[in-house]
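Worksheet for the structure shown next.
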Amino acid sequence: MTEEPYRWLEAVANRREYVREQLRGGSPAFAASLPDGILLLAVGSGQSKVFELFDRHALAGLGHPADIEKIRQAAIDAAHTESFTRAPEDVSLRRLVSFGLSPQLKTNFEQIFTAPFLVELLLAEIGPEPEKDLLLRLHFDGGFRFQMGGVMVAASQPEPEAAAQAWLNGALAGKNSRREVADMLLQTWWCLVENKPFGEGLPSESDRQEGWRKGTHDRTVELGWLARHAPRTARYEALSLAQAGL
Amino acid sequence: MNVETPIAGDFLSLLAAHKLAPLPSTPAPTAPVQTQATTVFAFEFAEGVLMAGDRRATAGNVIVTDRVDKVIEIDATSLLAIAGVPATAFEMARVLQTSFEYYRRSQLQSLSLPAKVRALARLLRENLAMTMQGIGVVAPLFAGLDNSVSPAKPQIYFYDPLGAQFQAVGYVASGSGSGTIRSVLSFQEQYGSPRPSQMKLGEAIRFALRLLMTASEFDSATGGVNPATRTYATIKLLRSSGVESVGDEQQSACLKG
């Protein structure tokens, strides 16, 4: 009996390794806060990686489609129930994740006899001004990190994700147009899927642009836009590349 | 991870699973009879459907307020005009708003127009107990986009308080001032020039405002329109591109023009 806790720890460690392995090769997702709204971007097969959750909330992610779907549905259920029983203004990303999605993901991850969720997610909440935009990175084990404004990356492996995040923080400084930002995110997407370095040896901008154009040729660039100011309460709009100026 | 919903995308099922079903009602043997009154209407004009309503709420002979919005945007392609008991009608509007958006977001497609029309009929049927007691009567109008044709065509529907649904041809009105309105609409449709269905936007707005002014002449429960006090109507348009609102400034300009 004394060895049981060690078996559990080992099982959880194995589980983490298993999930990371399953997610390897997953197509990264991005969210960037701009003066006019929040841009979410991923490359998938159309309505497969970027989704509207509620009036001011959206989700982007990578992983197994069935698992993304389960979490998306849980978030939509919770948001609409909260909106109906209280008010749409009471639906907040912080509460949705802190008290809803994160505990459920953690519980599921630590129940070693059930299948883990194979997901890495980004969630976004548009605020009245860019400084109040909330970006949230949610991991398969329920761990999460908030950030006000800026840009956020979700990739399948932690190290490339951190490198891409650091590079984008600098590369997007001063860039406010949706077209420019979408272009930079797609360049980053190509570097991540092609395992290009973000430090020394980073391909030139023209190579990166050519790379993402070729890399997305037979796939769908999924773009979601949360507008800061809109006539309707639902701020989300799915965009085409042409609408983003690309 | 999810609460099991018997019907995919059905928000009412989700609420029921949480024991949060809306519009709960139990018959009361000595229910008070409340009076309520209004004028709401919709008609086809050259560019789509115009839906309008006065802004007065009454309780008996008391004017409660002249700032109620009785034409409500349910989603980007649906409008509801409420006539009847405000508490029940506004709750129905809220249920529909959440239900339609819940379905669209969860199922990644919009509800069809027939499904939206039936969703409102279902709420009215579920309100039968309150209707029969005379304290929860609602007789709404609904306008939505028929996406089965191209370009999408706005359609108008009306209901009886028990939930029967009917498609309107050209125009429809509801509420205590509707008798006057329907007479004028019928006259204009048969003998007018232009007919409502031929009116351009400015003409349609002016016609709608004059209809409400006429209704308020004969129905004390209809608020009417008074430019002197900047009291205008709630007017919304449904075009093939979706819902738009007509603000006070635009109404004022149309009335002068």
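Among the residues making up region B:228-252, those that are open to solvent by less than 60 Å² (accessible area, probe 1.4 Å), of a type in the set (A, V, I, L, M, F, W, C) and either in a strand (DSSP E or B) or free of Cβ contacts under 8 Å to residues at least 60 places away in the same chain (or both) are B:235, B:237, B:238, B:243, B:246. Exactly one residue among B:156, B:135 is modelled with pLDDT of 95 or more and of a type in the set (Val, Ile, Thr), and that residue is B:156. Quick check on region A:145-155. Is at least one of its residues at pLDDT 95 or above, crowded, with 18+ Cβ neighbours inside 10 Å, under 17 Å from residue A:34 (Cβ atoms) and within 14 Å of chain B (Cβ to nearest Cβ)? No, region A:145-155 has no match at all. Among the residues making up region B:163-201, those that are assigned to a helix (DSSP H, G or I), open to solvent by less than 60 Å² (accessible area, probe 1.4 Å) and small (Gly, Ala, Ser) are B:178, B:179, B:186, B:197. Looking at this structure, is residue A:181 under 13 Å from residue A:34 (Cα atoms) and crowded, with 22+ Cβ neighbours inside 10 Å? For residue A:181, the condition - under 13 Å from residue A:34 (Cα atoms) and crowded, with 22+ Cβ neighbours inside 10 Å - is met. Within region A:225-246, being of a type in the set (A, V, I, L, M) and closer than 17 Å to residue A:30 by Cβ holds for A:226, A:238, A:239, A:241, A:244, A:246. When region A:64-88 is filtered for residues that are crowded, with 24+ Cβ neighbours inside 10 Å and more than 10 Å from chain B (Cβ to nearest Cβ), nothing remains.
Answer yes or no as to whether residue A:45 is surrounded by fewer than 21 Cβ atoms within 10 Å (Cβ to Cβ), more than 27 Å from residue A:115 (Cβ to Cβ) and more than 10 Å from every other protein chain (Cβ to nearest Cβ). Against the criterion (surrounded by fewer than 21 Cβ atoms within 10 Å (Cβ to Cβ), more than 27 Å from residue A:115 (Cβ to Cβ) and more than 10 Å from every other protein chain (Cβ to nearest Cβ)), residue A:45 does not qualify. Checking each residue in region A:111-144 for being more than 28 Å from residue A:17 (Cβ to Cβ), open to solvent by less than 30 Å² (accessible area, probe 1.4 Å) and not acidic (Asp, Glu) picks out A:124, A:126, A:127, A:134. Among the residues of region A:203-220, the ones that are under 19 Å from residue A:180 (Cβ atoms) and open to solvent by 50 Å² or more (accessible area, probe 1.4 Å) come to 7 in all.
The lone criterion from (1) closer than 30 Å to residue B:64 by Cβ; (2) in contact (Cβ under 8 Å) with a residue 40 or more places away in the chain; (3) within 20 Å of the chain's Cα centre (by Cα) left unmet by residue B:218 is number (3).
Considered as a group, the residues in region A:105-120 that are over 22 Å from residue A:135 (Cβ atoms) and not aliphatic (A, V, I, L, M) include one that is nearest to the other protein chains (Cβ to nearest Cβ), and that residue is A:108. Could you tell me whether any residue of region B:23-36 is out of contact with any Cys (no Cβ under 7 Å at 6 or more places or on another chain) and either modelled with pLDDT of 85 or more or within 11 Å of chain A (Cβ to nearest Cβ) (or both)? No; the residues of region B:23-36 include none that is out of contact with any Cys (no Cβ under 7 Å at 6 or more places or on another chain) and either modelled with pLDDT of 85 or more or within 11 Å of chain A (Cβ to nearest Cβ) (or both).
Filter region A:111-136 down to the residues that are among the small types (Gly, Ala, Ser), in contact with a Gly (Cβ under 9 Å, 6 or more places away or on another chain) and in a loop (DSSP other than H, G, I, E, B) and list them by number.
A:127
Among residues of region A:219-240 that are over 14 Å from residue A:54 (Cα atoms), those with a Cβ under 6 angstrom from a residue that is at pLDDT 95 or above and basic (Lys, Arg), sequence gap 6+ or separate chain, pair up as A:222/A:49. Where helices (runs of 4 or more DSSP H) fall entirely within region B:64-162, those with at least 2 residues that are of a type in the set (S, T, N, Q) and within 14 Å of chain A (Cβ to nearest Cβ) are at B:86-107. Between B:60, B:136, the distinction of being on the phi > 0 side of the Ramachandran plot and not β-branched (Val, Ile, Thr) belongs to B:60 only. Is it the case that some residue within region A:177-188 is without any contact (Cβ under 8 Å) to a residue 60 or more places away in the chain, basic (Lys, Arg) and out of contact with any Ser or Thr (no Cβ under 6 Å at 6 or more places or on another chain)? No; the residues of region A:177-188 include none that is without any contact (Cβ under 8 Å) to a residue 60 or more places away in the chain, basic (Lys, Arg) and out of contact with any Ser or Thr (no Cβ under 6 Å at 6 or more places or on another chain). Restricting attention to region A:93-107 and to residues that are over 18 Å from residue A:154 (Cα atoms) and open to solvent by less than 30 Å² (accessible area, probe 1.4 Å), the residue that is modelled with the highest pLDDT turns out to be A:96.
The values are calculated or read from the model by the stated rules, or taken from the named source; none is laboratory data. Note that the structure is predicted; figures quoted are calculated from it, not measured. Backbone-built Cβ (ideal geometry, glycine too); neighbour counts: all protein chains shown. Heads up: the accessible areas ignore ligands, DNA and RNA and are worked out on the full protein's heavy atoms, side chains in. Shrake-Rupley method; radii C 1.70, N 1.55, O 1.52, S 1.80 Å.
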